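Following: one structure in structure tokens, then a few remarks.
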Amino acid sequence: MTGQVGLDKKQFLSRVVELGRDAGDDLALCNVGDMMYAEAPDVAQGRILDLPLSRLHSLRRSVFKDILAMSNRSANVLINTHATFRWRHGLFHAFDYDYMQTFDADLYVVLVDNIDRVHYRLVRDGHIDHTLKDLMVWREEEILATELLSQIVSGHGCFYISAIGHDDSTAETLLRLLFHPQFKKAYLSYPMTHLEFDTSGRATVAIEEFRSKIKRHFTCFDPGDLEEKHLGRSALQAAEQGRRTVQLGPSGEAISVDTNQLLEIIPDIDGQIYARDFKLIDQSEMIISLVPQLAGGRPGISSGVERELQHAHEAAKDVFVIWQGRAEPSPFVTETATRVFGSIDEAIEFFHSNGYLPTSPSGGLFS
């Protein structure tokens, strides 16, 4: 498990372990950073990257020897680490190929989260020497390095991107990915940026119902678990109003962000959404798309949803569309869809009847 600095990965993965044990899936968590500090009691917390590069390598290799020994005693081991790190303004890999080859992981998962929440945590912990652009770059570096590591050591098919999200649903997704392959992997597709036309609020309610119901039955990769498009809109609005800062985040975790920094990363946000969502489709077995009904019966379909359907179709994935609008779907939908449904319940009934859902659900968390 990798991910950029500022994710609170340890807290999230501890929750994954806790939920897994509740469901009968035992998992040993190895936090490489904590283990390196334990190996070097003379180093103060937060100062380990001040060490010479040679000692950093030595500490990491010593820790991985302990992890390899643990992996011989434990059925399931989860390593919490980074794929890259920056040392005195340089970028370095944070793993040793020989030990990674010996460990021979079954899965390589890179965790991601909204860049404003990453920024909030870093500032909260006293790390202020970064820009929002830095955070966007660091996330891309971590994703690329983890994917390359997985391909070099284990080949294709074992690398995943997973969001930390806001609740236990993302932890449950990760546990299904780790321990419950009977759940098929699905990418959830729905309009995210055009709901300002939803004057009745019906489409928003339908989307939440769709996300909740489908997640009960599949291992879901949900683009809504990492949603940054609103950051650009907030930046543009602030710039129009002459405000130098933007207040972001929920109550208790709000942070003031420089408007110019937000404006600078708008192209990065758009580019990463485009690339990341296609990767989420590629790591899934199917795409399930909801086209909700807007006021007047109009279908709430966006160009992004149509592009996702086309990408999944061209990748030979199953393409399922739940079409709630009164108007007939266009050929750009029907020609790419494996099947079109009129409601969420109709789709779930089809999945039940055609072998897409586990015949005997697992116990505990997923019953």
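Miscellaneous remarks
- Once C-alpha pairs closer than 8 Å and six or more residues apart are averaged by separation and normalised to the residue number of the chain, the relative contact order reads 17 percent.
- Using the Cβ-Cβ distance between residue 39 and residue 295 with R0 set to 56 Å, the FRET efficiency works out to roughly 0.35.
- At R0 = 51 Å, FRET efficiency that the Cβ-Cβ distance of residue 28 and residue 316 yields, to 0.05: 0.85
- Counting Lys and Arg as +1 and Asp and Glu as -1 over every other residue whose Cβ lies under 10 Å from the Cβ of residue 49, the net charge comes to +2.
- Binning the alpha carbon pair distances of the chain at 10 angstrom intervals from zero yields the distribution 5, 21, 30, 26, 13, 4, 0, expressed in whole percent.
- 19 Å cut-off, amide nitrogen to a point 7 angstrom out along residue 302 Cα→Cβ, residues in segment 101-117: 113-117
- Alpha-carbon Debye profile of segment 136-198, log10 I(q)/I(0) at 0.24, 0.28 Å⁻¹: -1.15, -1.17
- Hz values of 3J(HN,Hα) by residue in segment 306-316 - Karplus curve (6.51, -1.76, 1.60), Gly and Pro given as x: 4, 5, 5, 4, 5, 4, 5, 4, 5, 8, 6
- Gyration tensor analysis over the Cα atoms of segment 252-304 returns equivalent ellipsoid semi-axes of 29, 20, 12 Å (largest first, whole Å).
- Residue 167-residue 18 FRET efficiency (beta carbon distance; Förster radius 25 Å; 0.05 resolution): 0.95
- Pair residue 123, residue 92: separation of 7 Å Cα→Cβ label points (nm): 3.1 nm
- The orientation-averaged projected area of the convex hull spanned by the Cα atoms of segment 233-367 comes to 12.5 nm².
- Checked against a 23 Å cut-off, the cross-linked pairs 229/317; 65/185; 10/185; 185/279; 133/229 give Cα-Cα distances beyond that limit for 229/317; 65/185; 10/185.
- Residue-count net charge about residue 10 - beta-carbon cut-off 14 Å; Lys, Arg +1, Asp, Glu -1: -2
- A Cα-only calculation for segment 29-141 places Rg and Dmax at 15.2, 43 Å.
- Computed magnitude of the charge dipole of the chain (debye, nearest 20; Cβ of K, R +1, Cβ of D, E -1): 260 debye
- Between residue 359 and residue 338, the contour length at 0.36 nm per residue exceeds the alpha carbon distance by 5.4 nm.
- The rule of thumb for compact globular proteins, 2.2 N^0.38 Å, goes into the C-alpha radius of gyration of segment 213-306 1.35 times.
- Gaussian network model of the chain, Cα within-10 Å springs - most flexible of 186, 347, 83: 347
- Selection of GluC sites (Glu not before Pro), segment 284-367, meeting DSSP coil and at most 16 other Cβ within 10 Å: 285, 335
- Helical content alone sets the calculated 222 nm signal of the chain at -14000 deg cm²/dmol, taking -39,500 (n - 2.57) per DSSP H segment of four or more residues and averaging over every residue.
- Ordering 126, 35, 87 by the projection of their Cα atoms onto the charge dipole of segment 1-181, which places +1 on the Cβ of Lys and Arg and -1 on the Cβ of Asp and Glu, puts 87 at the extreme positive end.
- Note on segment 209-367: with charges restricted to the Cβ of Lys and Arg (+1) and Asp and Glu (-1), its dipole about the Cα centre is near 300 debye.
Throughout, read-outs are computed from the coordinates displayed, never taken from laboratory work. Since we're looking at a predicted model, the values are computed, not measured. Every residue, glycine among them, receives a Cβ derived from its backbone with ideal geometry; neighbour counts consider all protein chains shown.
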